[in-house]
1. Take region 25-115, compute every pairwise Cα distance, and split them into 10 Å bins from 0; I just need the percent in each bin.
2. Taking the Cα centre of each part, how many Å lie between region 52-74 and region 181-245?
3. Note down, for region 97-173, the three equivalent ellipsoid semi-axes (square root of 5 times each alpha carbon gyration tensor eigenvalue), biggest first, whole angstrom.
4. With all protein chains present and a 1.4 Å probe, how do T91, T111, T236 order by accessible area, largest first?
5. About its Cα centre, what dipole magnitude does the chain give when the only charges are +1 on Lys and Arg Cβ and -1 on Asp and Glu Cβ, stated in debye to the nearest 20?
6. Near G103, within a Cβ-to-Cβ distance under 13 Å, what is the net charge of the other residues, with Lys and Arg +1 and Asp and Glu -1?
7. Of M98, L268, A188, which is farthest towards the positive pole of the chain's charge dipole, taken about the Cα centre with +1 and -1 on the beta-carbons of Lys, Arg and Asp, Glu respectively?
8. For a distance above 25 Å, tell me the whole-number percent of Cα pairs in the chain that qualify.
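The values are calculated or read from the model by the stated rules, or taken from the named source; none is laboratory data. What you see is a predicted model, and the numbers here were worked out from it, not measured in a lab. Here Cβ is always computed from backbone atoms with ideal geometry, including for glycine, and neighbour counts include all displayed protein chains. In case anyone asks, the SASA skips ligands and DNA or RNA and just uses the protein heavy atoms, side chains included. Shrake-Rupley method; radii C 1.70, N 1.55, O 1.52, S 1.80 Å.
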Amino acid sequence: MTNTALNEKNSKTSLNQGSVRRQPFLVMDNVYKSYPNGYKALENVNLNIAEGEFITIIGHSGCGKSTLLNMVSGFSQPSQGTVTINGQKITKPGPDRMVVFQGYALLPWRTVFENVYLAVNAVFPNKSKVEKNAIVKEHLAMVGLTEAAEKRPPQISGGMKQRVSIARALAIRPQVLILDEPFGALDAITKEELQEELLKIWNDHRCTVLMITHDIDEALFLADRLVMMTNGPSATVGEVLQIPFPRPRDRVQIMEDPEYYNLRNYALDFLFRRFAHDDDA
Ligand code: ADP
Ligand code: MG
């Protein structure tokens, strides 16, 4: 099904159910992005994301996934078209949209606690120290890092660093959590643990999640919808897969579902046959 067809289907569903949750929340409308050197990264990207949705994005390296999410975070602007949140055009970064990077982006000379505290302090300058400390503690506990609060990034594992950056992002209570290949550098077990944690947190907070990944199993396990991008230059949304598995999701149960393999094969076919990349040959 094409993205347009899906969007139409979604808007019909929203009319039928009168559900607030299906109203468009984050909207990419006819988005083009060219870089100053003339490279046309994206063209005609259209995507309607509902509040509270969990979206995963896959596509070959260099197709423009980060370029797309940078326009949601507000670090860059479309060359044409608009990205809006609640009807407001996104023109700059803001605490309503937080990004978790693969490289963690922690301050190595600060403790785990301080790394989160600095962000909380920047966004909530009027809260008291006691309140800010409580927010930091709550979010470190949420990602299982209470014991590591006084350690510094060089003293902890990659998985723990990624937990710190997730805690830091969530402590600001963003409406949108943006994750750019957050678990790419982690071993399989740590990655699965963090996926489960992320789902639990998302379930409790109900923020909207946009996550880039190159792992199809991860994309299918986490998402409400999986966005598959074509190759650049002039990349766009190729197809959007609706992921039907009920929540809370159980990894073993999903892997036993024949539909899982249908979706997985469909995505693999998209990436490695229909939109195969030179690098994959
Ligand atoms: P992805 O995240 O999917 O790997 P990117 O969004 O980082 O891809 O990049 C998409 C394309 O745009 C790539 O070909 C990349 O080389 C190019 N690109 C990214 N940033 C710039 C820039 N600042 N100037 C010129 N080209 C860029
Ligand atoms: Mg990228």
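1. The percentages, shortest bin first, are 15, 44, 28, 12, 1.
2. Spelled out, the Cα-based centre of one part sits 10 Å from the other.
3. Values: eigenvalues 68, 35, 24 Å².
Largest first, region 97-173 gives 18, 13, 11 Å.
4. T91, T236, T111
5. I would put it at about 1080 debye.
6. -1
7. So the residue we want is M98.
8. Details: 18924 of 39340 pairs.
So the pairs more than 25 Å apart make up 48 percent of the total in the chain.
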